Amino acid sequence: MLKKLLAWLRRPAHTGYLLLSGMLAGIIFWGGFNTAMEYTNTLEFCVSCHEMDQLVHQEYKQSAHYSNPSGVRAICSDCHVPRDWGRKVIRKIKASSEVYHTLTGKINTPEKFEAHRLEMAERVWKEMTENNSRECRNCHAYDSMHFKKQTQRAQEKMEDAKNKNTPCIECHKGIAHKKPQVEHDD
């Protein structure tokens with residue numbers, strides 16, 4: 001059987017068909033994979049599960065990232081998914097953990113979601129601090145800011161942040177979602 005297969009492959013026409021079929025299958029796979037990756041970056045996909053639509057999405061709709069004077073809207077993937085392909089794949093793999101926790105019932109009700117909100121937020125804040133708020137900086141660049149048009153306090157804080165290269169998330173926690181309540185031990 002193996003001899004017949006090898007003999008068949010030695011014929012140039014058959015080898016060409018095999019290579020062409022492999023290339024075609026690779027293109028179809030790559031196209032499908034990329035299409036799926038891009039679909040999972042849409043707002044509709046992100047809010048398709050109940051707790052995202054009922055909680056996080058409603059908070060986001062009250063934020064400046066949803067509605068603002070310039071009419072520019074940032075969606076979930078703009079803030080939570082890196083643009084470069086390798087980091088994007090890694091983030092998608094991490095996101096599968098969120099799907100898992102929804103399916104297992106860990107965060108599938110508003111009460112359970114709220115019970116884990118601080119833990120989830122701290123994970124995002126840590127990642128954004130470690131990458132120096134890379135996704136924020138895709139849209140917000142210190143060099144593009146017109147500091148003189150900001151309030152005096154904002155101008156002072158933003159210029160200081162620029163000079164220290166402070167991650168945006170250090171000062172802007174709760175910018176698009178409700179900031180978790182932190183219980184203090186008294």
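Every number in this text was worked out from the coordinates using simple rules, so none of it is lab data. In this text the structure is predicted, and so the values were computed from the model without any measurement. Note that each Cβ is placed from the backbone with ideal geometry, even for glycine, and that neighbours are counted across all protein chains shown.
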Rounded to the nearest 10 degrees, what's the angle between the helix 110-130 long axis and the longest principal axis of the chain, both from Cα atoms, 0 to 90?
80 degrees
Degrees between helix 85-103 axis and first principal axis of the chain (Cα, 0 to 90, nearest 10):
80 degrees
Which one of TRP30, TRP125, TRP85 has the biggest mean-square fluctuation once the chain is modelled by GNM with Cα springs under 10 Å?
TRP30
For the stretch 88-186, which trypsin sites (Lys or Arg not before Pro) are both in a DSSP coil and crowded by at most 16 other Cβ atoms within 10 Å?
LYS106, LYS173, LYS178
Which trypsin sites (Lys or Arg not before Pro) from the stretch 1-63 combine a DSSP loop assignment with at most 15 other Cβ atoms within 10 Å?
LYS61
Charges at C-beta only: +1 for Lys and Arg, -1 for Asp and Glu. How large is the resulting dipole of the chain about its Cα centre, in Debye rounded to 20?
1180 debye
Mean-square fluctuation check for the chain, GNM, Cα pairs under 10 Å: which of ALA13, ALA95, ALA154 is largest?
ALA13
Taking VAL124, VAL47 and counting other beta carbon atoms within 10 angstrom, the fewest-first order is VAL124, VAL47
What residue among MET158, MET128, MET52 shows peak mean-square fluctuation when the chain is described by a Gaussian network model with Cα springs under 10 Å?
MET158
222 nm [θ] for the chain, helices only, -39500 (n - 2.57) per DSSP H run of 4+, per residue, to 500?
-18000 deg cm²/dmol
With 24 Å as the cut-off, how large is the P(r) tail for the stretch 58-179, expressed as percent of Cα-Cα pairs?
35 percent
Considering only DSSP states other than H, G, I, E and B, which GluC sites (Glu not before Pro) in the stretch 90-185 qualify as loop sites with at most 13 other Cβ atoms within 10 Å?
GLU183
Fewest to most neighbouring Cβ within 10 Å: what's the order for HIS50, HIS80?
HIS50, HIS80
Between ASN68 and TYR17, what's the calculated FRET efficiency when r is the beta-carbon distance and R0 is 35 Å? Round to 0.05.
0.05
